[in-house]
Amino acid sequence: MQLIPAIDLRGGKCVRLLQGRFDAETVYGDRPTDILARYRDFGARYVHVVDLDGAREGIAGQSHRDRRAGPRPARTSRSRSAAASRNRDVASALLDLHVQRVVVGSVAVIRPSEVQAWMRDFDPDRVVLAFDVRLDAGGTPRLTTHGWESQTDSSLWDVLETYLPHGARHVLCTDVARDGALSGPNLALYAEAVRRFPAVQWQASGGVATGSDLRALADTGVASVISGRALLEDRIPAEELVPFLPSA
């Protein structure tokens, strides 16, 4: 399992939201490139760049470029913003800038046929389907959209089934209730995801707070984990990160 640090951008600053709430924001600095360089130096091969302004408003935001820091490039593995997700031309431009992968978020739920066409046009290995979920009373993961502000009745499992014939390989699943809360990841959710769809390269997000959380996620079989707040606040000792950083 690979650890992918997250940089969330809003108004040009590096921030984190609690459970996706824009009124629960913590600012971690106004120089995201400094944070990117730090992640490069401790061995991260990829960085997950989130454009929160774009995710909420559906406009092209400040994260829509390949961000490099120093002579050893830290490649962005995906640019997760609603603007890139909702606009094929922006997604194509990001790929042309050598962003490793682009994330397709809300539009993958709202307009699946459009996204399936993108997957035919682009290399499916360079597209990540981002599904943000809240568990219902029965424990079924139901999808949210528009920066987690709109709840749907669609289940993660049913929607993903429609993408498999189109070459879906990478799926980022965020448990919204855990995101930014440092409450531990939803291990049962990710174990079930891997059990149902073992050919998918699952990316877990939400709740990581300790090195033991990373080890437990690795045991579920997910391919990677995205972490923001725990890394920004240095909550995990460097020696516990090394096994999950390919360039360390």
Whole-Hz ³J(HN,Hα) from phi, Karplus 6.51 cos²θ - 1.76 cosθ + 1.60, for the range 117-124, glycine and proline x: 5, 4, 5, 6, 7, 9, 5, x
Could you point to the residue in LEU189, LEU135, THR145 farthest towards the positive end of the range 131-233's charge dipole, with +1 and -1 charges on the Cβ of Lys/Arg and Asp/Glu respectively? LEU189
If each residue of separation counts as 0.36 nm, what is the full-extension length gain between ALA37 and SER113 once their alpha-carbon separation is subtracted? 23.6 nm
Nearest 20 debye, what's the magnitude of the dipole of the range 121-226 about its Cα centre given +1 on Lys and Arg Cβ and -1 on Asp and Glu Cβ? 260 debye
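Please state, to two decimals, what the Cα-based radius of gyration of the range 175-232 comes to when divided by 2.2 N^0.38 Å (N = residues).
Rg over 2.2 N^0.38 Å, computed on Cα atoms: 1.03.
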With θ set to phi - 60° and the Karplus curve 6.51 cos²θ - 1.76 cosθ + 1.60, what are the ³J(HN,Hα) couplings of the range 211-219 in order, to the nearest whole Hz, using x for Gly and Pro? x, 5, 4, 5, 5, 5, 5, 4, 5
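Please give the contour-minus-distance gain from GLU239 to ALA216: 0.36 nm per residue of separation, less the Cα-Cα distance, rounded to one decimal in nm. Walk me through the numbers on the way to the answer.
Working: separation 23, 0.36 × 23 = 8.28 nm, distance 1.63 nm.
Computed gain between GLU239 and ALA216 is 6.6 nm.
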For the range 109-248, what % of the accessible area comes from carbon and sulfur atoms, probe 1.4 Å? 48 percent
For the range 151-166, 3J(HN,Hα) per residue [Karplus equation, 6.51 cos²θ - 1.76 cosθ + 1.60, θ = phi - 60°, Hz, x = Gly/Pro]: 9, 10, 8, 6, 8, 3, 5, 5, 5, 5, 4, 6, 8, 4, x, 9
Order these peptides, 103-112, 129-138, by their mean beta-carbon neighbour count within 10 angstrom, highest first. 103-112, 129-138
Show the residues, 5+ positions off or on another chain, whose built amide H is closer than 5 Å to the amide H of ALA181. GLN19, GLY207
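The values are calculated or read from the model by the stated rules, or taken from the named source; none is laboratory data. Bear in mind that the values here come from a model prediction, so they are computed numbers and not experimental data. Note: ideal-geometry Cβ built from the backbone for every residue, glycine included; neighbour counts use all protein chains shown. Accessible surface is based on the protein model in full, side chains and every heavy atom, while ligands, DNA and RNA are left aside. Shrake-Rupley method; radii C 1.70, N 1.55, O 1.52, S 1.80 Å.
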